1. Among the residues of region 361-374, is any farther than 27 Å from residue 25 by Cα, among the charged types (D, E, K, R) and at pLDDT 95 or above?
2. Scan region 176-196 for residues that are surrounded by fewer than 20 Cβ atoms within 10 Å (Cβ to Cβ) and small (Gly, Ala, Ser) and jot them down.
3. Would you confirm, using the coordinates I've provided, whether residue 130 is within 16 Å of ligand 2 (Cβ to nearest atom), buried (at least 19 other Cβ atoms within 10 Å of the Cβ) and aliphatic (A, V, I, L, M)?
4. Under the condition of being assigned to a loop (DSSP other than H, G, I, E, B) and either under 23 Å from the mean Cα position of the chain (by Cα) or loosely packed, with under 14 Cβ neighbours inside 10 Å (or both), which residue from region 51-69 is farthest from ligand 1 (Cβ to nearest atom)?
5. Go through region 107-127 and give me each residue that's within 13 Å of ligand 2 (Cβ to nearest atom) and of a type in the set (Ser, Thr, Tyr).
6. Go over the candidates 282, 312, 265 one by one and state the one that is under 21 Å from residue 161 (Cα atoms) and hydrophobic (A, V, I, L, M, F, W, C).
7. Would you tally the residues in region 82-106 being buried (at least 22 other Cβ atoms within 10 Å of the Cβ) and more than 10 Å from ligand 2 (Cβ to nearest atom)?
8. Scan region 254-269 residue by residue and report those that are part of a helix (DSSP H, G or I), in contact (Cβ under 8 Å) with a residue 60 or more places away in the chain and either within 21 Å of residue 238 (Cβ to Cβ) or not charged (D, E, K, R) (or both).
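The values are calculated or read from the model by the stated rules, or taken from the named source; none is laboratory data. Just so it is clear, the structure is predicted and the values come from calculations on it, not from any experiment. All Cβ positions, glycine included, derive from the backbone under ideal geometry; neighbour counts span all protein chains shown.
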Amino acid sequence: MPILNRAAELQSEVTEWRRHIHERPGLLFAVEETAAFVAEKLKAFGVDEIVTGIGRTGVVGLIRGKGEGSRAIGLRADMDALPLTEITGMPWASTIPGKMHACGHDGHTAMLLGAAKYLAETRNFNGNVAVIFQPAEEGGGGGNLMVQDGMMERFGIEEVYGMHNMPGLAVGQFAIRKGPIMAATDEFTVTVKGRGGHAAQPNRTIDPIAIATQIITNLQMIASRNVDPLRSVVVSVTKFNAGFAHNVIPNEATFAGTVRTLDEAVRDQAETRFKQIVSGVAAAHDAETEIAFHRNYPVTSNHADETAYATAVATDIAGAANVNADVDPMMGGEDFSYMLNARPGAFIFIGNGDTAGLHNPAYDFNDEAISHGISYWVRLAEQRLGG
Ligand SMILES: [Zn+2]
Ligand SMILES: [Zn+2]
């Protein structure tokens, strides 16, 4: 079963929607314009129930099938953009400086709208399909908020599926894996409190810069000496601030960064070791520390049965040669993880072709992928709901 004919017919219309959304990006929860566009389209398709304001600016549409049953599956897209200034020069480029759809969420939203149109026309399934459009994937935890707002219970969602485009994977191809596919993305800020003084008399100071750099070097022991070498962990210090003059040792130094893991046990271990190393190295040099360790998005972990269903549907559409069912996990994060912690489901990558990478100001979603994405959503809904 290749791309569905109707999905191919929808390609040009959905491309227009995608480019329209692209021109007017919103950040985090401030996606009101896109959310209004989504709600208006769902209404025009005759979607049975449309609820806005879930997870602040999220939208859910419920499409009832022809057949019996109250089972629902959730298909999820994200709507938010990034704080970047676009350099693609495309006719549909962002009209708002400092905001752009550099992660392809415009494409995700448009493809799910295309699927909603198809499913509302055909209704060739039993039970219900909930199309989920979430805000604030890029750091605000909008998916988490939708779950907390009771979305799963309210719409009777029993399984949930997500999709993200992947630059470098050919258009028409899919990639997925059972188990962890995206990392937990914890964040830290550490302040090392010493005692400042004259740069020529370091013996009279507690030098927070010298101590902070020792701590940072030691943090790499988490990956090299603490965590099982067959497990994944990344500790990246990405900010360092201290000092103001050549001849003054300051009182404090601050650094910040992220810890990425693919397993909750390793996540706990990394946090524990992180705190021990920071406090221990500082204590060895008579400094005090303040540690803010924030548990951000959890591991995005695909459930076994649902991954098998998703893989079968992708294979049905694209052919076995175009589906990588054991793709390497990535150390980036996804707040679809919260939905997968609430309900069984699977997250799949769809090829975006040879484009600039995600979060790059030269990136653009590849409209050629649209019919493949719509076909995947539609077949998945029909297969899971036994149409
Ligand atoms: Zn992103
Ligand atoms: Zn994204």
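1. Checked region 361-374: no residue is farther than 27 Å from residue 25 by Cα, among the charged types (D, E, K, R) and at pLDDT 95 or above.
2. Once the filter is applied, which keeps residues that are surrounded by fewer than 20 Cβ atoms within 10 Å (Cβ to Cβ) and small (Gly, Ala, Ser), region 176-196 yields 179, 196.
3. No.
4. 66
5. Within region 107-127, just 109 meets the criteria.
6. Among 282, 312, 265, only 312 is under 21 Å from residue 161 (Cα atoms) and hydrophobic (A, V, I, L, M, F, W, C).
7. Residues flagged as buried (at least 22 other Cβ atoms within 10 Å of the Cβ) and more than 10 Å from ligand 2 (Cβ to nearest atom) within region 82-106 amount to 4.
8. Listed by number, the list holds a single entry, 267.
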